[in-house]
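Shown next, in structure tokens, is the structure this report addresses.
Please treat every number below as a calculation from the coordinates, not as lab data. Just so it is clear, the model here is predicted, and its values are computed rather than measured. Heads up, the Cβs are rebuilt from the backbone with ideal geometry, glycines too, and the neighbour counts pull from every protein chain shown.
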Amino acid sequence: MLNIGIQKLFLKGDSHVSPFCILVLCVLLFAACESKKDKIGAVYNGPIEIVNDLVVKYSEQGNMKVYVKTPKSFTYQNETRVFPDSVNISFFDSLGTVVTTLRSDSGRYDRSADVYIVKGHVRVVKLQDHQILTTTELNWSPGTRKVFTDKALKIVNTQSPEVTHAVGMDAEQDFSRIKLRKMTGTVISKGF
């Protein structure tokens, strides 16, 4: 009896498919296509490239100017690079001698702004001047060859008890000249 009811529902007369059956099949087919469409078009936002033990060398007219080393690098679709681990940078003078070193907890390269940004416990050592600069963020622009920040910073002279505090600075890429934006004080310390 049930079999006869199903036959009447889907078949008309001599084995012709009823319009109701065609409508049900079309709805099922449309629903199946819609669910696959959502899955196929999903956008991937993760890194398109992962590099271990990355080294970046920046030179001008054949002379090494900056050497960057980090354990890991992630490159994304917009060409931004993220350095999630420590970043170590050496800055060279015109004779190829390391004059300044920098170490930070992490960093990134913003392709749209053409700026490298290092963050965390940023420590810059000016070897010839016996100075140590510490801050939470520094930016380096290869295009302008400048290093800058708008964050608070401290400069310690390792050969004297002088400690300088400031907010913001602009410097040459090798830190040969530093211009502090806003001095907040100089302290004479008895020890480091």
*Which ³J(HN,Hα) values in Hz, rounded to whole numbers, follow from the phi angles of the range 144-157 under the Karplus curve 6.51 cos²θ - 1.76 cosθ + 1.60, where θ = phi - 60° and Gly and Pro get x?*
9, 6, 10, 10, 8, 7, 10, 8, 5, 9, 9, 10, 10, 8
*Please give, to one decimal in nm, the separation of the simple spin-label points placed at ALA113 and ARG181, each 7 Å out from Cα toward the Cβ.*
1.1
*Expressed as a whole number of Å, what is the distance separating the alpha-carbon centroids of the range 137-192 and the range 67-89?*
24
*Long-range amide H partners of ARG111 with built H, under 5 Å*: THR80, ARG81
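Expressed in nm to one decimal, what extension gain is obtained for the pair GLN128 and VAL56 from 0.36 nm per residue of sequence separation less their Cα-Cα distance? Spell out each step's value before the answer.
Numbers: separation 72, 0.36 × 72 = 25.92 nm, distance 2.40 nm.
Difference between extended and current length: 23.5 nm.
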*Considering amide H positions built from the backbone, and no H for Pro or chain starts, which residues 5 or more places from LYS65, or on another chain, come under 5 Å of its amide H?*
TYR58, SER59, GLU60
*Which FRET efficiency value, to the nearest 0.05, do you get for SER90 and TYR44 by plugging their Cβ-Cβ distance into 1/(1 + (r/R0)^6) with R0 = 45 Å?*
0.80
*Which of the trypsin sites (Lys or Arg not before Pro) found in the range 134-192 are in a DSSP loop and have at most 13 neighbouring Cβ atoms, other than their own, within 10 Å?*
ARG177, LYS190
*asked:* Output wanted: per-residue J couplings in Hz (rounded whole) for the range 58-69, from phi through Karplus 6.51 cos²θ - 1.76 cosθ + 1.60, θ = phi - 60°, x for Gly and Pro.
replied: 10, 10, 10, 6, x, 9, 4, 10, 9, 10, 10, 9
